[in-house]
Every structure is written in C-alpha cells, then in structure tokens.
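Participant: One structure is given below, represented as structure tokens, and several questions about it will come after.
The values are calculated or read from the model by the stated rules, or taken from the named source; none is laboratory data. Keep in mind that this is a model prediction, so the values were computed, not measured. Here Cβ is always computed from backbone atoms with ideal geometry, including for glycine, and neighbour counts include all displayed protein chains. For accessibility, only protein heavy atoms count, side chains too; no ligands or nucleic acids. Shrake-Rupley method; radii C 1.70, N 1.55, O 1.52, S 1.80 Å.
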Amino acid sequence: MLRVLTYNVRRCLGADGRLAPERIAAVIAACRADVVALQELDVGRARSGGIDQAEAIAAHLGMRSHFHPAMRVMEELYGDAILTALPSRLVRAGALPGRAGCEPRGALWAAITAGDTEVQVVTTHLGLDRRERRAQAEALLGPAFLADPACRDPVVLLGDFNTLPGSSVHRRLAARLPDAQGKGAWLRPTFPARLPLLRIDHVFVSRGIAVREVRTLGGRLARVASDHLALVADLDLAPVFAPHIPVPREEPA
C-alpha cells in the first residue's frame with residue numbers, strides 16, 4: 001500500500017496568525033504518509049523568516065524534498081513540493097500557462113520507487129481564473145507531463161486544483177486519471193479548514209490503482225495549521241482485485 005497526501009499549507013501561516021512549519025509537519029506525521037505533496041511554500045522569503053519551508057517540513061518528517069518555485073521575486077521563492085523518504089528522482093518541474101496579473105503556477109513531477117514499482121507522481125496548484133485553469137489543465141495533460149511516454153502507469157496526480165467536482169477542468173482531468181473518490185462527487189471537502197464546504201483539493205489515479213480509502217485529516221491542530229485540510233488516499237499499486245469505490249471518512253476531532 002502507498003499512502004499519499006496533498007496539503008495546501010498557506011506558507012505555514014495558521015488561522016491564529018502564527019508561522020509554524022513544525023505544526024504542519026505534526027499534522028502530516030500523524031497519518032504516516034509515504035508521499036506528501038505540498039502547495040504554497042515559502043523558500044527564503046522575508047515574510048516567513050527567510051527559511052526553506054520545504055526543507056524544514058521534510059526534516060521534521062525524515063524525508064527528502066523536491067521543490068519547484070512557481071514564483072520568484074529576486075531571491076525569494078514560492079511554490080510546491082513533493083516530499084518522501086522513499087527512493088525518488090525529480091523528472092520535471094516547470095511553469096504552467098498563466099494570464100497577466102495572475103499568480104504564476106507550476107507543476108512538479110517525481111518518480112518514486114515503492115517496493116518493486118516506480119510511481120509517477122505529479123503535483124500542482126492551479127489558478128483562480130477559470131480560463132487560466134483550463135489552459136493549465138491542458139498543459140498537464142500535454143507532452144510535458146501526463147502525455148510524456150515516460151509518465152507511464154502507475155500515475156498519481158494530486159494537489160490544489162481550485163476547481164469543484166463536475167467542473168470542466170475536473171471532468172477533463174478525470175477522463176485521463178479517475179478521481180480517487182470515485183463518484184462521491186461532494187465527499188471530503190477540504191476548504192476552508194475550520195468549516196470545510198468545498199472540495200478543491202483532489203487525488204487522481206491511473207486505472208490500475210485500487211483505492212482503499214480517502215479521508216481528510218481533521219482535529220483541532222489541522223483546523224488551525226492552515227486554511228485547507230490535508231487530503232489522504234491509501235492506494236494499492238498492483239491490486240489483485242478490481243478497484244472498488246472507497247468509503248471515505250474524516251478522522252475524528
């Protein structure tokens with residue numbers, strides 16, 4: 001089994017106004033994830049004390065980080081990361097199409113070895129504008145990422161997509177990689193953390209992967225650590241039986 005997690009950490013700024021990478025790490029550590037995808041990380045930014053948040057969280061978890069800066073302001077970086085303690089290699093990281101005046105977005109692809117299987121893991125954080133998201137989704141589906149011959153099954157795509165189940169972007173991505181939550185379109189909302197109403201964080205998996213369970217990480221700590229809840233999926237990479245629709249649950253508060 002491979003446990004994957006996606007989490008928009010809002011530069012580790014909690015609802016209480018405190019910057020605390022160690023608190024984000026504590027939320028993640030509680031579920032013992034094998035692969036962690038993080039969005040909205042600051043690296044070397046004055047507003048966050050100049051630390052490398054990707055490395056700080058990885059160090060707390062005993063993991064290695066692969067970071068991609070979607071945005072650069074002089075020497076200050078802001079972007080997404082994949083963390084794991086498993087053998088891994090960075091395959092590709094790059095910008096996604098954007099619009100003038102909108103925050104730059106990117107995607108990160110790492111190949112991670114779990115047992116005898118190499119898993120292609122892609123994470124991203126799509127934009128707020130609908131047309132921008134459509135262009136970014138097409139770029140993800142194109143030759144730089146999911147359509148690259150090297151991006152062979154098993155494949156996991158996860159992150160903050162800023163789009164709801166049933167939207168054109170969600171349907172387009174799910175046609176290539178089914179949503180791990182199956183047909184439970186409105187299950188497991190992740191935003192806002194204190195009263196989750198919207199499911200904008202997603203895990204998509206290739207058809208050969210069986211999904212055991214999908215859940216959010218609830219509890220008092222999780223609800224204050226960021227403005228999103230972390231989304232966790234337990235995956236069988238080489239299932240003996242046909243994939244089934246998981247029974248999601250939220251961890252008790």
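Participant: Of the numbered conditions (1) part of a strand (DSSP E or B); (2) in contact (Cβ under 8 Å) with a residue 24 or more places away in the chain, residue 152 satisfies every one except a single condition; which is it?
Facilitator: (1)
Participant: Please go through the range 1-27 and pick out each residue that is under 27 Å from residue 179 (Cβ atoms), in a strand (DSSP E or B) and open to solvent by 10 Å² or more (accessible area, probe 1.4 Å).
Facilitator: 3
Participant: Also, quick follow-up: Out of the residues in the range 98-113 that are assigned to a loop (DSSP other than H, G, I, E, B) and hydrophobic (A, V, I, L, M, F, W, C), state the one that is most open to solvent (accessible area, probe 1.4 Å).
Facilitator: Out of the qualifying residues, it is 100.
Participant: Any residue at all in the range 159-168 that's at pLDDT 95 or above, of a type in the set (Phe, Trp, Tyr) and open to solvent by less than 30 Å² (accessible area, probe 1.4 Å)?
Facilitator: yes
Participant: Can you find a residue that is surrounded by fewer than 23 Cβ atoms within 10 Å (Cβ to Cβ), touching a Pro at 6+ places or on another chain (Cβ under 6 Å) and not in a loop (DSSP other than H, G, I, E, B) anywhere in the range 88-97?
Facilitator: Checking the range 88-97: not a single residue is surrounded by fewer than 23 Cβ atoms within 10 Å (Cβ to Cβ), touching a Pro at 6+ places or on another chain (Cβ under 6 Å) and not in a loop (DSSP other than H, G, I, E, B).
Participant: Does the range 114-135 hold any residues that are of a type outside the set (D, E, K, R) and open to solvent by 50 Å² or more (accessible area, probe 1.4 Å), and which are they?
Facilitator: 115, 128, listed by residue number.
Participant: Pull out all pairs, ordered by first then second residue, where Cβ-Cβ is under 6 Å, the residues are six or more apart or on different chains, the first lies in the range 25-43 and is under 25 Å from residue 71 (Cα atoms), and the second is open to solvent by less than 10 Å² (accessible area, probe 1.4 Å) and part of a loop (DSSP other than H, G, I, E, B).
Facilitator: Correct list of pairs: 38/9; 40/9.
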